[in-house]
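The values are calculated or read from the model by the stated rules, or taken from the named source; none is laboratory data. Predicted, not measured: the structure shown is a model, and the values here were computed from it. For neighbour counting, all protein chains shown are included, and Cβ atoms are generated from backbone atoms with ideal geometry for every residue, glycine included. Just so you know, the surface numbers come from the protein's heavy atoms only, side chains and all, with ligands and any DNA or RNA stripped out. Shrake-Rupley method; radii C 1.70, N 1.55, O 1.52, S 1.80 Å.
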Amino acid sequence: MTSLTYRYVALTDTGLRRPHNEDSGYASGRLLVVADGMGGAAAGELASSETMHVIRELDRDLDIDALAAMEHAVDSANARLGALIAEDPAVEGMGTTLEAMLWDGEKLAVAHLGDSRAYRLRGGVLEQISTDHTFVQALVDEGKITPEEARVHPHRNLIVRAMLGRDDNAADLSWIQPMLGDRYLLCSDGLSDMVDDDVIRGALGAETIDLAATELVRLALEGGGYDNVTVVIAEFVEKDSEPDEHLSSSDGQPQLVGAAASQPRPRTGKGSSKSSDATRFDPEELRYAPRPPSRMRWVRWALVGVLVAALIGAGGAFAYHWSQKQYYVASHDGKVTIYKGVPAHVPGITLKHVEQVSDVVVTTLPQYRREQVRAGIEASSKSDAQQIVANLSQFAVAPTPTPKPSPTKKKSSKTTNSVWRR
Ligand code: CA
């Protein structure tokens, strides 16, 4: 059998609708990881980055079987989250997905937990090799809905298993035997929710994996960019093949992206003294993978502009004028509403006003969309804002005050150990 090695790339983007990136991604010659945090911005970033820091401990010479090492690392990461939650009740409910592959020189030890995915492209055929730990996947498995229905199901973001700092959510552990030419994609749902598998297949087959990563992220943004999107790709090549100097992995350095790359530390003082996991790594040895061109982060700019407005006169007038040409979608009296202006607060200046109130009631939206509205969704123009409202209305469901009685009511959100995606 040909001796194999792989080339790798990790890429992430905050997406178009969220202010923060709660995903973390990692790729090196030994380890591939995606962790998609949840539980509120700060907690989600903390969960994903802390998990990443613990899992990255695997990126070294191992004296035990790779799958046993993986299992141990998953347990350690889970214990780490549990300890952080015990220290700071404010982060209760935080968690993360985990998709990780550890190369032992012959095969990959794989851990999977949550709704991040692993795909394999082999001979032009794309196969999803992980099984989503989601409510809708359970319905598909039971034959109650089709995979197509799952894609648009209002509860498709409901995860039934994730890393939550408790001992009742085990990861799926398995071995994979790669073959020459295989490409593996690890991704957060910010990709798989936005882009169909057929399209992923085409993009993953790009000339190089660096191009594939850029294209996949671009497609997720084009598809709406509602979520943070992270892709990690590995391509198996002959061990003694010449390194391709055009590829980002040709320098052999690990690539760390997303929340873990900004290394947020626990917010409590007592937490920081115990967090030795991350400090064992020298941030200087890491670098960011190449990124697609960044887009305007308008909320940040608006805040800067508004601060300028408050501080200086003439430039401030310009910033104020600019801010009044912006639109966003948020809640007003419980209805999805288009606002003109920016959702910032400066004493004495009105920066926003209601432009148009829709009849979409916020509470009829799935929780994920509801929280998006409550946080405010930026729009590039009034017509874009109207399109956002139209899109949201598709997700609205009529309130169902009395659940239908069911003789075999097995599932209830209290017993399924579920967590809502943000
Ligand atoms: Ca996500």
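Counting only strands (runs of 3 or more DSSP E) that fall entirely inside the range 149-246 and contain at least 3 residues that are open to solvent by less than 10 Å² (accessible area, probe 1.4 Å), the qualifying elements are 183-187, 229-238. Looking at this structure, is Gly93 under 17 Å from the mean Cα position of the chain (by Cα), modelled with pLDDT under 95 and of a type in the set (Gly, Ala, Ser)? Judged against the criteria, Gly93 is a match.
The residue that is nearest to the ligand (Cβ to nearest atom), counting only those in the range 155-193 that are hydrophobic (A, V, I, L, M, F, W, C) and farther than 30 Å from Lys144 by Cβ, is Trp175. Gly82 fulfils the conditions (1) within 14 Å of the ligand (Cβ to nearest atom); (2) out of contact with any helix residue (DSSP H, G or I) (no Cβ under 9 Å at 6 or more places or on another chain); (3) within 17 Å of Arg161 (Cβ to Cβ) except for a single criterion, (1). If the condition is being in contact (Cβ under 8 Å) with a residue 24 or more places away in the chain, open to solvent by 10 Å² or more (accessible area, probe 1.4 Å) and in contact with a Pro (Cβ under 8 Å, 6 or more places away or on another chain), then the range 97-148 contributes only Lys107.
Number of residues in the range 26-45 that are over 11 Å from the mean Cα position of the chain (by Cα), in contact (Cβ under 8 Å) with a residue 60 or more places away in the chain and open to solvent by less than 10 Å² (accessible area, probe 1.4 Å): the value is 6.
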